[in-house]
Every structure is written in C-alpha cells, then in structure tokens.
Amino acid sequence: MTRQIRLLTKLSLYGMFGFNEFRHTRDGKKKLRFCLMGALWVLLILMLAGYVGLTSYGLTSIGMGYFVPAVLGMLVSLVTFFFTMTKAGPMLFDQKSYEKQVALPVEAKSIIVSRFLSMYLTDMMLGLVVMLPGMAVYGVAERPGLTFYLYGFFVILFLPLLPLTAASVVGALIAGIAGRWKRGNLASILLTMIFVCVVLVGSMSLGRLDESQLGAMMEEMALQLERQIGRLYPPAIWISEAMVSGKAAWLLLFLGVSLGCFLIFLEILGRFYGRVCQMLSAREARGNYRMERLQAKSVMRSLVEREWRRYFASSVYVVNTLTGELMMVLLAVGVALAGREAVDRLLGLPGAVDRTLPVLLGAMPVIMPLTACSLSMEGKSWWMTQTLPVSRRELIWSKVTLQLIVALPFYLVSEAALLVALRPGLPEAVCLLAVPAAYILFGARAGIAVNEKFPVFDWDSEVKVVKQGASAFVMVVIGLVSAAVPIIALFVLEGMAVFVYGATVGALLLLTWLLDLGGKKPCPPYRLD
C-alpha cells in the first residue's frame, strides 16, 4: 500500500507541476516557458518571504515578537483553508479520475491518501515559505533557545493538516448541497462566495482597533491581539505557547488535534469514498425539453452569451476569478465605514487612503481576471471555436466584454460606497472613478494576451487551469507591478496626485490599445499536445 501511495502521489505532483512534460518534451519553446514559470515562482516566493519578514520585524520592533508564531500560523492556516476549500471538490472527489484509478490494481484507500498527500505537500510548501522567514527574523531579534526551532519543525510539518481537513469537509458539504439543487453550479458559487466573505471579514477583524486602543499601552495591545487571534483560530495560540515558551504540552495538544482530526476524517472517508464521489457527481436529468421559438442574434451577443454560460458552468472558475472584485468591495466598504482618518492612523501613514485607494481598488481585479484562463477553459474543444465564422478580434472582445459585465456591479457598489462616505471633491471623485475603470479594462485585455502566450488545453481538471496555470501567476505579477509603480510615485511626488492618476490612466489605456493592435490577425493554431 505504501508503494501505491508513493507512486500515485508522484504521478499527481508530476502532472500538477508539469515535470513530465518538461522532462520529455522536445519543444524548445515549451522548455523556455517552463523555465520562465520557474523564475516567476521564485520571484513570488521571494516577494512573499520579504513581506513575511517585514511583518515579523515590525512585530518584534514594537515588543510583540511573542505573537510572531501565532500570526504566521494563523496566516498559513487561513490561506491553506481558503485555497483547499475551492479545490477540494474537483480535486479530492473527482469521480472520473477515481474511476480510471480504481480500475488499476491499487486499493481505494491508496487513491484517497495520495490525493490528500498531494494537497498536503503543496500546502506544506506554503507553510515553509511563510514560517521560515518569520522564524529567522524572530530568531535574530529574540535569540530563543533550541526548543523554538525544534518545535517549529514539528509545527511546519503538521500545520496544514487541520485546515486541510476542515476545508475538505466544507468543500464536500458545499458540493453536496449544491448537487441537490436545481441550479447546482449557481448554488455552489453562492455558498462558496459566502464562506469566502466570512473568512475575509474574519481575518480583517484582527486589525479593527479603535482610537482609544491605538493610544493604549503596548501590553494592552498585546492582550487585545491575543484575544482576537485566540477567538479566530485557537491553534495559533497553542503554536505560540509551544514555540516561544517551550511548553511541550501545548505542542502535543496542537499535534494531537491536527493529526487526530485528519486521521478520523480519513478513516470515515475511506469507508464511504466511492459512494461520496457518486453522490457529489450525481445530477438530475430531466427529459422535458421542448423546442421553442428560435431567435437570430448578432455575432457579438451570441459569443458573449456563450462565454456567460461557460463561465457560470464552473464554480471553481467563478469563485477564483471573483475574489479580486470581492476584495475590492470589502476594501471600499471597510474604508467607508471606518473613515479615512481611522485607516490612516491604523497604517501610521497620514494621507495613505487618499493617495493609494483608487490604485488599490483597480489593481485587485487585475490580479486574477476571468480572461486570464478563458482561452484555456475552452479545453480540447478549442479547435471547434476556431472553425466558427468569426474573427479573432470578435472572440477576444467577447471574453473581454464578459469580464467587464461581471466586474461592473462590484465596481458600482465600491464607487457608490466611497463617494457617499468620503464626499471627495470633483478632481478626487473623477480620479476615484477613472483609475479603477482603467485598471479593469486593462486587466481584462491583458488577461487574454497572457493566456494566448500560456494556453493550457490538455487539462483534466479545471483546477489545473484556474489555480495552477501559468497565466494566473503571470497576472498576479502584472497586478502587483501595475499597483506598485503608481503608489511609489504618489509617495515620491507629494502634491501631484492628480497628475500621477492621470498618467496612470493614460498608461493603462495605451497598454490596452497596444495589446489590441493584433486583434485583426487570424486565430493562432494552438496545439493540444
């Protein structure tokens, strides 16, 4: 059984990261693409490690280094829970791949364990990237004993288990509930988005300190942070007590709860796994189709409606590509409720909201637009799309139009909340409206351009396209860079915010136009090999 688990896990990881294709392909362009993706991964890891290191240094510099392990542990758990919840259904309970593997001379339990192990290993890599820089900064600043590093090693190994188990349960429940409804995909999307909102709002509540608390003594702030973390995620406090205070009992409690919950869930799932996969993949078939009146529509409208149906047919696709728009609304509502002065005091940067808010609002949808994987979502039916009597420009702008339609409600809600709450002057209001709009348009067109360079058509699961595709990671970098450049300029060129906003809008529109210059060319002959 151990050999079966090892081989199945190896195959899963090789397929997930494309190692087999890189090793055996003779296409130089594909190998170059993999090398570029590797460099991009390294860049993202360094950026994340730098952010974690700065956060840990900030906590230690204000005398709150005791909470570094707790904050980092909670961060890893929340991110692991969020990403695992959205992929647990299609990855863990995939009926099609299960039927292929169960026909092989392997035990059903080996298939289950290998799928969990694949997700565990990827989540543990995230834990390493987050925990190691924080532990290094804390070690240099506080110089703890050997038990800190010894206990930290066990914490990193077991940290993904509890959120992985909880996310698998939630993902299965969402898929099961949605599967019983008439509009299963819509139900799954709504349930997942509600849960994502709860997670985001809950994590943001850690920074919700009023003015009297900000002016209180450092010890009171430490106690307030401890209460907030303990209320949101108690195992984070166990991690802190074990690593910082060297209390073995807290470490054993954390390890016991994490491993115990995982093993119990694994044992229960092993008994009913085949039945669960069948139940989650079951759909009610209705035979009441009736031919109704046919309608003739324009080419663009037909293409947009086609994209609309494909988009909402995948809950994984919708949830992951709506996260940026959802964060835009949460940011706008949070600033509107708290006020710009409170947010400035919390950040310790006077005028930070006025300077960065339009850019931050616009950059969030750029990080993961739906167009970044809209070509890849065509899958092996892409050749059929190429046979349609439509131009490449029409195909591209049907996908861009869908992105604009989907982002429009979130944009309007965000702008309405900020305009009513902040009551900016005419120049500030124009900038607040124009900058996010330009970002959304640029992100929609840039997503298509990136996906043309990094298409993935030979996928078996939508997770491979939405979460593991090269286009998604490239758009993350583009979104971060497009936000960082104007923000730096806003702080360097004080008193010239309107000029910087105007230059940002002009640059984004120019880049969108340049990307669209090739729109009249014929569709490139993408291959499926």
**OP:** Give the residues of the stretch 406-454 that are basic (Lys, Arg) and crowded, with 23+ Cβ neighbours inside 10 Å, sorted by residue number.
**Re:** Arg445
Subject >> Selection status of Leu422, touching a residue at least 60 places away in the same chain (Cβ under 8 Å) and closer than 26 Å to Val333 by Cα >> reply: yes
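Rundown of residues vs (1) at pLDDT below 75; (2) among the aromatic types (Phe, Trp, Tyr); (3) out of contact with any Leu (no Cβ under 9 Å at 6 or more places or on another chain), yes/no style:
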{"site": "Lys10", "(1), (2), (3)": "no, no, yes"}
{"site": "Gly15", "(1), (2), (3)": "yes, no, yes"}
{"site": "Phe19", "(1), (2), (3)": "yes, yes, no"}
{"site": "Asp27", "(1), (2), (3)": "yes, no, yes"}
{"site": "Met37", "(1), (2), (3)": "yes, no, yes"}
{"site": "Ile45", "(1), (2), (3)": "no, no, yes"}
Subject >> Exclusive hit being outside any helix (DSSP H, G or I) and either modelled with pLDDT of 80 or more or under 20 Å from the mean Cα position of the chain (by Cα) (or both), set Val400, Val430, Val450, Val456 >> reply: Val456
Subject >> Matching residues in the stretch 133-147 - criterion: being surrounded by fewer than 20 Cβ atoms within 10 Å (Cβ to Cβ) and of a type outside the set (Asp, Glu) >> reply: Ala136, Gly139, Val140, Ala141, Arg143, Pro144, Gly145, Leu146, Thr147
**OP:** Working carefully through the options Leu32, Leu54, find the one that is modelled with pLDDT of 70 or more, assigned by TED's automatic domain parsing to the domain that holds Val155 and surrounded by fewer than 14 Cβ atoms within 10 Å (Cβ to Cβ).
**Re:** Leu54
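The values are calculated or read from the model by the stated rules, or taken from the named source; none is laboratory data. All figures in this text were calculated on a predicted structure; none of them were measured in a lab. Quick reminder, even Gly has a Cβ in these numbers, built from the backbone with ideal geometry, and neighbours come from all protein chains shown.
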